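Take a look at the structure below.
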Amino acid sequence: MRTSQTTAGGAVTTQGGAHLLLVDDDADLLRLLSMRLGASGYRVSTAESAEAALACLAVERFGLVVSDVRLPDRDGLQLFEEIRQIWPALPVILLTAHGTIPDAVEATSRGVFGYLTKPFDSKALLDKIVQALQIAGTAHAGEERTAAGWRDDIISHSARMATVLDEALLVAASDASILIRGDSGTGKELLAHAIHNASPRADKPFIAINCGAIPEQLLESELFGHMKGAFTGAATSHTGLFQAADGGTIFLDEIGDMPLALQVKLLRVLQERAVRPVGASRALEIDVRILSATHRDLESALTEGAFREDLFYRLNVVSLTLPTLDERREDIPLLANHFLHGLARKYQKRLRGFAPDALEALTTAAWPGNIRQLQNVVEQACALATTPLIPVTLVERALRGPSIEALSYAEAKLRFERNYLIQLLKLTDGNVSDAARLADRNRTEFYRLLQRHSLTPSLFRAETADVARERQQEFI
């Protein structure tokens with residue numbers, strides 16, 4: 001086994017087991033617990049305050065947190081509540097020198113996994129840790145998961161993504177319906193496929209459908225199928241996607257865009273575990289796991305009556321939320337190089353990577369389009385590259401893209417005014433009186449406008465039109 005020490009956030013012992021975070025302001029106790037847990041095969045990080053613990057959690061992946069109740073900046077229950085908001089599946093064990101039965105009852109009722117009173121027996125703590133890791137599914141995290149390949153398409157070493165993936169693996173073994181939330185381009189379908197790969201249904205079909213991309217009148221037939229002659233144009237019977245996915249998983253992307261009338265029919269399918277193709281007289285039993293995704297705020301849609309409450313609770317048995325790319329910036333170099341290597345093969349170019357300033361530009365840019373936008377930027381840079389290293393100029397060009405230039409209101413007004421005057425002068429062949437009349441302005445005011453924009457009316461007269469085009473081309 002390999003052991004290393006670092007000082008960021010406290011001493012860290014790196015070994016082959018699960019990674020634990022110990023939080024206590026007693027440095028002697030931290031050293032003692034670190035040695036005991038390290039001897040039991042665990043990797044251990046320590047923090048002496050709640051803030052330090054939250055900082056560690058933001059950058060590292062942990063299987064469990066053991067915290068003292070009394071910390072210098074807040075109590076352990078407050079820390080637990082903050083952890084639960086961001087990492088809801090991360091188990092927490094609390095230690096206290098002043099414990100009472102009511103305190104223990106309150107802590108466990110709020111979701112704390114264990115509550116031990118100091119001085120505690122080391123074996124009791126180890127037993128609690130083993131139980132928590134087994135329930136959380138992280139007792140054997142690491143090599144086994146990587147070998148399974150269930151999430152190979154998800155490129156990340158972000159602590160935020162690691163937490164989501166831990167939760168995904170935990171629920172994959174069940175048949176619970178999962179609602180995946182996240183902005184467009186965050187990789188919701190990739191996560192859904194990974195959950196399918198990690199589930200007992202992995203050798204059965206995985207079928208994805210975008211509920212917002214198919215016209216309403218066709219969506220029912222696509223999902224549930226139709227019989228020959230069921231409607232005009234139904235020349236043959238059609239097997240719906242629910243039947244095609246029988247035994248496997250169906251992924252309903254952008255479920256928030258599903259029409260209300262079809263939401264009722266989907267709810268019936270979920271309740272009865274059977275589909276009735278359009279035009280059929282009887283329903284067909286199906287065995288399908290439902291994963292769904294949306295970038296919309298479904299709670300707001302419920303309030304507005306745009307989404308059925310009963311369907312929402314059927315789909316939202318477990319909710320997973322993907323972070324935006326801005327929230328996992330440490331993954332940007334990893335993703336960018338992953339895309340580059342694939343695109344180098346596509347464009348048959350010998351590309352080695354990004355110049356340092358190009359990689360810095362990618363890492364510091366804003367990514368409203370998330371991973372999809374990053375992939376497009378990298379592809380444009382690769383397509384135009386003529387050197388083995390992608391230069392910053394190509395990255396900056398791709399980042400600008402076709403986006404609208406950001407202008408202040410005053411700048412936009414001036415630009416519009418200039419173009420408007422040019423069009424009037426073109427229309428009137430440079431006749432100021434006619435142009436002023438069309439603009440509903442007097443000649444004096446109109447001349448003042450022309451002077452503001454350095455426009456000379458004579459340049460727009462018919463006999464000098466060619467010259468006008470040359471002189472005014474920067475305004476057109």
Completion exercise
Measure of exposure for Thr386: accessible area at 1.4 Å probe, Å² rounded to 10, is 130 Å²
Handout entry: In sequence order, calculated HN-Hα J values of segment 273-284 (Karplus, 6.51, -1.76, 1.60; Hz; x Gly/Pro)
Key = 6, 8, 10, 10, x, 4, x, 8, 8, 9, 8, 10
Completion exercise
Here FRET efficiency (C-beta to C-beta, Lys349 to Ser237, R₀ 35 Å, nearest 0.05) is 0.15
Completion exercise
Measuring from the longest principal axis of the C-alpha atoms of the chain, the long axis of helix 370-384 (C-alpha) lies at a number of degrees, nearest 10, equal to 60 degrees
Handout entry: Solvent-accessible surface ranking, highest first, for Leu77, Leu384 at 1.4 angstrom
Key = Leu384, Leu77
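If you take the beta carbon distance between Glu327 and Asn419 as r and set R0 to 56 Å, what does 1/(1 + (r/R0)^6) give as a FRET efficiency, to the nearest 0.05?
Efficiency computed from Cβ-Cβ geometry: 0.85.
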Exercise for the section: With a point put 7 Å past each Cα toward its Cβ, work out how far His453 is from Ala27 in nm, to one decimal. Expected result: 7.1 nm
Handout entry: Calculated FRET efficiency for the pair Arg400/Leu427, C-beta based, R₀ 35 Å, to 0.05
Key = 0.55
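With each run of n ≥ 4 DSSP H residues scored as -39500 (n - 2.57), what mean residue ellipticity at 222 nm is computed for the chain after dividing by its residue count and rounding to the nearest 500 deg cm²/dmol? Write down the numbers at each step before the final one.
On the way: 21 runs with 221 residues, N = 476.
Calculated at 222 nm, the ellipticity per residue is -14000 deg cm²/dmol.
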Exercise for the section: Rank these residues by their accessible area, most exposed first, probe 1.4 Å: Ser156, Ser319. Expected result: Ser319, Ser156
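Mind counting lysine pairs for me in the chain? Cα separation below 23 Å, and the two need to be 8 or more apart along the chain or on different chains.
Number of lysine pairs found: 4.
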Practice task
Report the label-to-label distance for Gln134 and Glu60 in nanometres (one decimal), using points 7 Å from each Cα along the Cα→Cβ vector.
Solution key: 2.6 nm
Problem - Between helix 260-272 and the chain: long-axis angle, C-alpha atoms, 0 to 90°, nearest 10 - result: 20 degrees
Practice task
Please give the solvent-accessible surface of Glu360 in Å², to the nearest 10, using a probe radius of 1.4 Å with every protein chain present.
Solution key: 110 Å²
Practice task
Compute the distance in nm between two label points, each set 7 Å from the Cα along the Cα-to-Cβ direction, one at Met227 and one at Thr303.
Solution key: 4.5 nm
Exercise for the section: Might you report the magnitude of the Cβ-based charge dipole of the chain about its Cα centre, with Lys and Arg at +1 and Asp and Glu at -1, to the nearest 20 debye? Expected result: 1300 debye
Practice task
Can you tell me the order of 230-242, 64-76 when each peptide is scored by its average per-residue count of other Cβ atoms within 10 angstrom, highest first?
Solution key: 64-76, 230-242
Handout entry: Helix 50-59 axis, angle to the chain major axis (alpha carbon atoms, nearest 10°)
Key = 60 degrees
Handout entry: Area of Met227 that stays accessible when all protein chains are in place (1.4 Å probe, Å², to 10)
Key = 80 Å²
Completion exercise
With +1 on the Cβ of every Lys and Arg and -1 on the Cβ of every Asp and Glu, the dipole magnitude of segment 53-94 about its Cα centre, in debye rounded to the nearest 20, is 100 debye
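The values are calculated or read from the model by the stated rules, or taken from the named source; none is laboratory data. A quick note: this is a predicted structure, and the numbers were derived from the prediction, not measured. So basically every Cβ, Gly included, is an ideal-geometry build from the backbone, and we count neighbours across all protein chains shown. Just the protein is used for accessible areas: all its heavy atoms, side chains included, with ligands, DNA and RNA removed. Shrake-Rupley method; radii C 1.70, N 1.55, O 1.52, S 1.80 Å.
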